[in-house]
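The values are calculated or read from the model by the stated rules, or taken from the named source; none is laboratory data. Owing to the predicted nature of the structure, the values given are computational and were not obtained by experimental measurement. Note that we place each Cβ from the backbone using ideal geometry, even for glycine, and neighbour counts take in every protein chain shown.
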Amino acid sequence: METVWRFTYEHDRQLPEAIDSDVRMPPALAERLVERYTEPGDTVLDPFAGFGTTLRVADDCGRAAYGIEYELERAEYVRDEIDFEGRLVHGDSRRLAEYDLPQCEAVVTSPPFMTADMERDPLQNYAGESEYERYLDGMAEIFEQVRDCLAPGGTAALNVSNMKYEGDVTTLAWGIADAVGDVLRFDGEIVVDWQAGEDRSHTTDGPAGTFGYGYDHSYVLVFSTGE
């Protein structure tokens, strides 16, 4: 497996001014993952659909796209602005098994991030209260349900990062690898080397123009059903 990929951090469409958050997986990475782990006609699921990047890319690549998004404003944006032949559920990924989703060949997603000292709940769009270990338990719960949705031999690819904030480091990537690895087979990681682009608005306590979160790289954690 190729273990280092290099991309420019950039997006190919602007979000409406009314949406004050612009944390998205760049489409170049979503496209590489969709094409690496699926074939035309396959089904791709994103349980943290966000602004619909994975759904749009998967549809453009000739895959069937399905997603779940907790935040109503984002779900409405995807439905209004992105024309894809799939289904987006406005709901909670922790209840994934309750939704009428088809079997999928791959999950391509970037889950919401959390630091060890954060008290807000990323799985509720940072609205409710939580703690780091509960968040990791929630990730395991979600991907246990994802496992039941994946076709035999299916792949889950998660774009994540460790988090450096105010001098403290949260090894989020390793925490998610351990949590999800309890329910799916961990096949390894790909280091994503992000190069500076024109889009610098995403940077969070990191070098200007790079990935942010204190680093100029992220990781794609690759899991499979083990079949």
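Data for the structure
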read-out	value
Options Gly91, Gly52; residue that is in contact (Cβ under 8 Å) with a residue 24 or more places away in the chain, touching a strand residue (DSSP E or B) at 6+ places or on another chain (Cβ under 9 Å) and among the small types (Gly, Ala, Ser)	Gly52
Single unsatisfied condition, Phe113 versus (1) surrounded by 19 or more Cβ atoms within 10 Å (Cβ to Cβ); (2) free of Cβ contacts under 8 Å to residues at least 24 places away in the same chain	(2)
Residue list for the range 51-106, filter: touching a Pro at 6+ places or on another chain (Cβ under 6 Å) and farther than 20 Å from Asn159 by Cα	Gly62
Residue in the range 71-86 that is under 16 Å from the mean Cα position of the chain (by Cα) and closer than 26 Å to Ser224 by Cα present	no
In the range 154-199, residue farthest from Trp5 (Cα to Cα) [restricted to those that are touching a helix residue (DSSP H, G or I) at 6+ places or on another chain (Cβ under 7 Å) and touching a residue at least 60 places away in the same chain (Cβ under 8 Å)]	Ile176
Sole exception among (1) buried (at least 16 other Cβ atoms within 10 Å of the Cβ); (2) at pLDDT below 70; (3) at negative phi for Gly212, by number	(3)
Phe84 vs. criteria surrounded by 18 or more Cβ atoms within 10 Å (Cβ to Cβ), among the hydrophobic types (A, V, I, L, M, F, W, C) and over 19 Å from Glu144 (Cβ atoms)	yes
Wholly within the range 89-193, strands (runs of 3 or more DSSP E) carrying at least 1 residues that are modelled with pLDDT of 95 or more and under 26 Å from Val57 (Cβ atoms)	104-109, 150-160
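Yes or no, residue by residue, for (1) more than 18 Å from Tyr213 (Cα to Cα); (2) surrounded by fewer than 21 Cβ atoms within 10 Å (Cβ to Cβ); (3) in contact with a Gly (Cβ under 7 Å, 6 or more places away or on another chain); (4) among the aromatic types (Phe, Trp, Tyr):
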residue: Leu150; (1), (2), (3), (4): yes, no, no, no
residue: Gly153; (1), (2), (3), (4): yes, yes, no, no
residue: Ala157; (1), (2), (3), (4): yes, no, no, no
residue: Ser161; (1), (2), (3), (4): no, no, no, no
residue: Leu172; (1), (2), (3), (4): no, no, no, no
residue: Gly181; (1), (2), (3), (4): yes, yes, no, no
residue: Glu189; (1), (2), (3), (4): yes, yes, no, no
